[in-house]
1. Of a type in the set (Val, Ile, Thr), under 23 Å from residue 96 (Cα atoms) and crowded, with 16+ Cβ neighbours inside 10 Å: does that describe residue 158?
2. Looking for something in a helix (DSSP H, G or I), more than 30 Å from residue 254 (Cα to Cα) and of a type in the set (Phe, Trp, Tyr) - is there at least one such residue anywhere in the stretch 150-160?
3. Identify the single condition in (1) within 24 Å of residue 147 (Cβ to Cβ); (2) out of contact with any Lys or Arg (no Cβ under 9 Å at 6 or more places or on another chain); (3) surrounded by 15 or more Cβ atoms within 10 Å (Cβ to Cβ) that residue 113 does not satisfy, given that it satisfies every other one.
4. Out of the residues in the stretch 222-233 that are exposed (fewer than 14 other Cβ atoms within 10 Å of the Cβ) and out of contact with any Phe, Trp or Tyr (no Cβ under 9 Å at 6 or more places or on another chain), which is modelled with the lowest pLDDT?
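The values are calculated or read from the model by the stated rules, or taken from the named source; none is laboratory data. Source: prediction; values computed, not measured. Cβ: placed from backbone, ideal geometry, glycine included. Neighbour counts: every protein chain shown.
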Amino acid sequence: MNKNRLYSALALLCAVPALHAQPQDGPPAAPSLSAPAASSAAALPQEAAKELSALISADSEATLSAQMPGKIRRVHYAIGQNFGAGATLVEFDCAEAQARLEAQQAEYLGARETHLAKLKLQGLGAAGELEVTLAAAATEKAKSMIRQQEAQIAYCRIKAPYAGRVVRLKAREAENVNINQPVMEIVAQAKRKAVVHVPSSWSARLKPGQPFKIRVNDTGKEYPVKLARLNGRVDGVSQSLEIEAQFTGKTDDLLPGMIGQAVFPDSVTKGN
């Protein structure tokens, strides 16, 4: 029994150096694929910097809403049609509002004639100062009601704030809409801009007015642009900075929503 214990102890002592010998040989060799993976990871930022996506958008765009409840009488422009600044885009049925305006105009005429008559009577000593004052106040009140109704009549037409194009209709002719209900979406026709997300490390090398180019596959052309503004905050997840660029040449063939590639000079991408 004692011999068996002795043999077990000796076997254990012989195994201890073997157990300690393994760490002295160093950590296991890294897989052969780790080196190419590391080089690919190092090359990724440079590769990404060559092809930075640029989103083409309108310099101005808006969703026009109804400023009064009522029935749409006519939509003057369809999707894709161009319009000029100040053009009537949507017209409402305002027969009732027009009738109220005409009634208030008639009330104003009556109040004005009453005021003039009171002034004449005052000159003859047949009307007092209070009567003349009250008649003048009634005339001014009727005039203000006309101005208020004229403002309401102006809401019967939705006019274009600038020259542009219709991109979406949210209401149709003969539909009844509520106040503040969206009716139409428009984009400005004159100017285009591009939004690009660049590596945050470029921020020190990017300045407003700096020129670069946008290549758009849909048209097969390159367009000159200049840096207009930089976002004041870096995205914490992607470590990218959003910038906006203004096109400096003709953009008649560019539509909002197109995707292009931003082409920057080496002084930006390589930091020279």
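1. Spelling it out, residue 158 is indeed of a type in the set (Val, Ile, Thr), under 23 Å from residue 96 (Cα atoms) and crowded, with 16+ Cβ neighbours inside 10 Å.
2. no
3. Result: residue 113 fails condition (3) only.
4. My answer is 232.
Let's see how each residue does on (1) within 15 Å of the chain's Cα centre (by Cα); (2) modelled with pLDDT of 90 or more; (3) within 29 Å of residue 162 (Cα to Cα); (4) surrounded by 14 or more Cβ atoms within 10 Å (Cβ to Cβ):
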{"position": "187", "(1), (2), (3), (4)": "yes, yes, yes, yes"}
{"position": "191", "(1), (2), (3), (4)": "yes, no, yes, no"}
{"position": "199", "(1), (2), (3), (4)": "no, yes, no, yes"}
{"position": "202", "(1), (2), (3), (4)": "no, yes, no, yes"}
{"position": "210", "(1), (2), (3), (4)": "no, yes, yes, yes"}
{"position": "213", "(1), (2), (3), (4)": "no, yes, yes, yes"}
{"position": "218", "(1), (2), (3), (4)": "no, yes, yes, no"}
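Residues are listed down the side, and each one gets a yes or a no for (1) modelled with pLDDT of 95 or more; (2) in the same structural domain as residue 256 (by TED's automatic domain parsing); (3) within 30 Å of residue 252 (Cα to Cα); (4) surrounded by 15 or more Cβ atoms within 10 Å (Cβ to Cβ):
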residue: 68; (1), (2), (3), (4): no, no, no, yes
residue: 74; (1), (2), (3), (4): yes, no, yes, no
residue: 106; (1), (2), (3), (4): yes, no, no, no
residue: 120; (1), (2), (3), (4): no, no, no, no
residue: 126; (1), (2), (3), (4): no, no, no, no
residue: 132; (1), (2), (3), (4): no, no, no, yes
residue: 142; (1), (2), (3), (4): yes, no, no, yes
residue: 163; (1), (2), (3), (4): no, no, yes, yes
